[in-house]
Amino acid sequence: MKKRFVVSAAVVALISLSCGGTPAPAEAPVKQDLVMGFVPSQTSSVVQTNADLIGQYLSQKTGYNITPRVLTSYAAVTEGMTSNNVDIGWVGPLDYVIAHQINGAEAVTKSVRRGLASYKAFIIVSANSGINSLADLKGKKFAFGDPLSTSSNLYPRYIMKKNGIKPDSDVKAVFISNQTQIAVNVCQGTVDAGAIYDDARTNKGADTSCPGIMTKTRILVTSDPIPGDPQMIRHNLNSAQKKKLKDAMIAMGTDPAMQVALKALYTIDSLVPAQDSDYNVIRDIVAQAKPELLKPSPK
């Protein structure tokens, strides 16, 4: 009669380790309380008001407690996700590419505006500035956005470099995270020119701060299409939880009840599924405009 042996899971793991094998990492437990981070690309109070509505919607859809927070900078969202303090992030394409490299962040949805899952960067000037070409920007006061903003920093730098302008020395750079405020500053003449997403001049409060902003400013340059700004989730969340969040984000993106909040948040009309390869063009632009942003990070 043959003897049968029952080997415990612990013994199997021990044998695997002694033979040089590596056990699969344990699945993270479901995290009931989640933090959703937002970038301050327009007035923080406007972002927070609509982020709260989005947080309530996703909480109801998923059963998790989701707390929305408007962080101080684009980098703060990535830093929060790297330290496991931010679980969902509403970011720009460049911010996502850097987050993906550093912490494996996963793009789940991306923004759609006017039927396109892409947008453009504008360089705007005062209507009576006398600036009629990129060459005229030399020596002028230029407002860039957050260092990790795609439309108000990366793309205008790329455009300038392609046209023989050194963004770090040929213009007098100032930095303003709020792109609504960049548009207002150009309108008021505080700066000679600035870079914004299209079209931050229509954001709430812009025309109030500078009445007639659409006629007092004009577009000097329009960029090529930029892939829609993504919404990302933390890579090391529980896998079933990530799927639940992704499904809820996609559902929200086409829910008529959320259209007003999305529009007021970042002029978003809807959300569609996204994947990492959508942002390879951003990696190409970084390599040409600011390669130091994607240098290998220390382990």
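The values are calculated or read from the model by the stated rules, or taken from the named source; none is laboratory data. Values in this document were obtained by computation on a predicted structure and should not be read as measured data. Cβ placement follows ideal geometry from the backbone for every residue including glycine, while neighbour counts extend to all protein chains displayed. Note: areas computed on protein heavy atoms with side chains; ligands, DNA, RNA excluded. Shrake-Rupley method; radii C 1.70, N 1.55, O 1.52, S 1.80 Å.
Could you say whether any residue in the range 129-146 is over 23 Å from K243 (Cβ atoms), modelled with pLDDT of 95 or more and under 18 Å from the mean Cα position of the chain (by Cα)?
Yes, that holds for at least one residue.
Please go through the range 271-295 and pick out each residue that is out of contact with any strand residue (DSSP E or B) (no Cβ under 7 Å at 6 or more places or on another chain) and either aromatic (F, W, Y) or not in a helix (DSSP H, G or I) (or both).
K290, K295, listed by residue number.
Here's a check for you: in the range 191-209, which residue that is touching a residue at least 12 places away in the same chain (Cβ under 8 Å) and surrounded by fewer than 20 Cβ atoms within 10 Å (Cβ to Cβ) is nearest to L265 (Cα to Cα)?
K204
Look through the range 138-154, keep the residues that are in contact with a helix residue (DSSP H, G or I) (Cβ under 7 Å, 6 or more places away or on another chain) and farther than 14 Å from V191 by Cβ, and return whichever of them is most open to solvent (accessible area, probe 1.4 Å).
The extreme case among them is P147.
Could we say that I268 is in a helix (DSSP H, G or I), among the β-branched types (V, I, T) and in contact (Cβ under 8 Å) with a residue 40 or more places away in the chain here?
no
Let me confirm something: among I159, I124, I176, I131, which residue is out of contact with any Phe, Trp or Tyr (no Cβ under 8 Å at 6 or more places or on another chain), surrounded by fewer than 24 Cβ atoms within 10 Å (Cβ to Cβ) and closer than 26 Å to S209 by Cβ?
The unique qualifying residue is I131.
Just to be sure I understand, how many residues within the range 40-92 are under 19 Å from K110 (Cα atoms), in contact with a Gly (Cβ under 6 Å, 6 or more places away or on another chain), of a type in the set (A, V, I, L, M, F, W, C) and not in a helix (DSSP H, G or I)?
The number of residues fulfilling the criteria is 1.
Between a residue in the range 33-48 that is touching a residue at least 60 places away in the same chain (Cβ under 8 Å) and any residue that is open to solvent by 50 Å² or more (accessible area, probe 1.4 Å), which pairs come within a Cβ distance under 6 Å, given they are 6 or more apart or on different chains?
Pairs found: V46/K204.
Go through the range 96-121 and report how many residues are open to solvent by 40 Å² or more (accessible area, probe 1.4 Å) and small (G, A, S).
Summing the residues that are open to solvent by 40 Å² or more (accessible area, probe 1.4 Å) and small (G, A, S) in the range 96-121 gives 1.
For the range 245-261, check the following and say yes or no: at least one residue is out of contact with any helix residue (DSSP H, G or I) (no Cβ under 9 Å at 6 or more places or on another chain) and open to solvent by less than 70 Å² (accessible area, probe 1.4 Å).
The answer is yes, given that some residue of the range 245-261 is out of contact with any helix residue (DSSP H, G or I) (no Cβ under 9 Å at 6 or more places or on another chain) and open to solvent by less than 70 Å² (accessible area, probe 1.4 Å).
Just the residues that are at pLDDT 95 or above and either of a type in the set (D, E, K, R) or not in a helix (DSSP H, G or I) (or both), please, taken from the range 205-219.
Selection gives C210, P211, G212, K216, T217, R218, I219.
Quick one: would you say S83 is more than 30 Å from D255 (Cα to Cα) and modelled with pLDDT of 95 or more?
yes
Within the range 30-39, does at least one residue satisfy the condition of being basic (K, R), outside any helix (DSSP H, G or I) and under 15 Å from the mean Cα position of the chain (by Cα)?
Of the residues in the range 30-39, the ones basic (K, R) are 31.
Then keep just the ones that are outside any helix (DSSP H, G or I); that gives 31.
If we keep only those that are under 15 Å from the mean Cα position of the chain (by Cα) too, we end up with none.
No, the range 30-39 contains no residue that is basic (K, R), outside any helix (DSSP H, G or I) and under 15 Å from the mean Cα position of the chain (by Cα).
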